[in-house]
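Asker: A single structure is presented below for examination.
The values are calculated or read from the model by the stated rules, or taken from the named source; none is laboratory data. Keep in mind that what you see is a predicted model, and the values were worked out from it rather than measured. Don't worry about glycine lacking a Cβ; one is built from the backbone with ideal geometry, like all the others, and counts go over all protein chains shown.
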Ligand code: C5P
């Protein structure tokens with residue numbers, strides 16, 4: 001299993017702030033995530049600069065469009081050399097298969113991850129947009145569709161990771177946000193788990209933003225997370 005389980009979310013408004021944070025982190029210990037805010041502000045150049053500093057990048061743009069358009073976006077992301085990227089499973093099986101085919105011919109294709117149900121949606125809101133059943137039912141159904149369409153895994157909560165491990169096996173990757181360190185404020189996350197707990201429940205990769213980026217010493221915080229996970233690579 002991959003030792004670099006932590007993906008630090010670089011949720012910053014510009015390249016300078018993101019690169020300043022990256023400079024305080026060790027690319028041998030973590031990966032980084034570039035989301036919509038940073039990408040819209042700073043574009044592919046910030047991804048290239050992070051990669052030039054040795055970081056593997058999760059491009060979190062959650063593509064959702066017709067298959068041809070999503071395939072083109074995935075191909076562009078693969079050409080940029082990102083390590084992981086994601087698409088909405090709700091775009092359907094043809095869209096997900098097009099995404100898979102678009103990256104398949106690259107020598108080192110990025111991990112292709114599906115977004116199932118946004119965790120910000122309540123069961124009532126799911127009903128409003130026409131989804132029957134609970135969030136968990138929909139996560140399970142969309143994750144099975146993502147797996148059948150050739151995706152490598154999904155973004156999900158730690159609870160869902162445990163359920164997906166049962167139904168789809170340990171090879172299907174789960175990427176889990178909503179991580180908080182013991183004693184941290186929850187912030188705007190409603191359900192949170194510790195890094196250890198998330199891995200115990202089956203998460204392969206942990207997306208961690210503010211607990212690392214807003215700590216007084218991001219590097220020390222990252223190392224203590226790694227120690228709690230028992231990673232062999234962490235200096236003691
Ligand atoms: O700062 P924090 O640790 O809450 O950051 C979590 C990151 O994971 C953010 O970039 C957020 O957009 C992302 N995310 C999330 N919940 C999801 C999907 C992504 O918190 N369901």
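Asker: Given the structure, is residue 145 at pLDDT 95 or above, part of a helix (DSSP H, G or I) and at negative phi?
Answerer: yes
Asker: Please find, within segment 135-156, the residue that is farthest from residue 101 (Cα to Cα) out of those that are more than 16 Å from the ligand (Cβ to nearest atom) and without any contact (Cβ under 8 Å) to a residue 24 or more places away in the chain.
Answerer: Filtering first and then ranking leaves 137.
Asker: Which residue, of 17, 42, 77, is assigned to a helix (DSSP H, G or I), under 18 Å from the mean Cα position of the chain (by Cα), buried (at least 16 other Cβ atoms within 10 Å of the Cβ) and at pLDDT 95 or above?
Answerer: The conditions single out 77.
Asker: Testing residue 53 on (1) closer than 22 Å to residue 220 by Cβ; (2) modelled with pLDDT under 95, one condition comes back false. Which one is that?
Answerer: Every listed condition holds for residue 53 apart from (2).
Asker: Let me confirm something: among 231, 215, 219, which residue is out of contact with any strand residue (DSSP E or B) (no Cβ under 6 Å at 6 or more places or on another chain), modelled with pLDDT of 95 or more and part of a loop (DSSP other than H, G, I, E, B)?
Answerer: One residue alone meets the criteria, 215.
Asker: Specify the residue that is farthest from residue 223 (Cα to Cα); the eligible residues are those in segment 184-195 that are surrounded by 13 or more Cβ atoms within 10 Å (Cβ to Cβ) and within 17 Å of the chain's Cα centre (by Cα).
Answerer: Across segment 184-195, the extreme among qualifying residues is 189.
Asker: A further question follows. Say we look at segment 23-39 and pick out the residues that are within 15 Å of the ligand (Cβ to nearest atom) and in a helix (DSSP H, G or I); which of these is surrounded by the fewest Cβ atoms within 10 Å (Cβ to Cβ)?
Answerer: So, considering only residues that are within 15 Å of the ligand (Cβ to nearest atom) and in a helix (DSSP H, G or I), the one surrounded by the fewest Cβ atoms within 10 Å (Cβ to Cβ) is 36.
Asker: Right, another one. So, in segment 104-125, of the ones that are over 18 Å from residue 151 (Cβ atoms) and within 15 Å of the ligand (Cβ to nearest atom), which residue ends up surrounded by the fewest Cβ atoms within 10 Å (Cβ to Cβ)?
Answerer: Within segment 104-125, the match that is surrounded by the fewest Cβ atoms within 10 Å (Cβ to Cβ) is 120.
Asker: Has segment 65-72 got at least one residue that is under 26 Å from residue 150 (Cβ atoms), modelled with pLDDT of 95 or more and not in a helix (DSSP H, G or I)?
Answerer: Taking every residue of segment 65-72 in turn, at least one turns out to be under 26 Å from residue 150 (Cβ atoms), modelled with pLDDT of 95 or more and not in a helix (DSSP H, G or I).
Asker: Report the residue count in segment 157-201 for those that are out of contact with any helix residue (DSSP H, G or I) (no Cβ under 6 Å at 6 or more places or on another chain), within 15 Å of the ligand (Cβ to nearest atom), under 23 Å from residue 62 (Cα atoms) and part of a helix (DSSP H, G or I).
Answerer: 2
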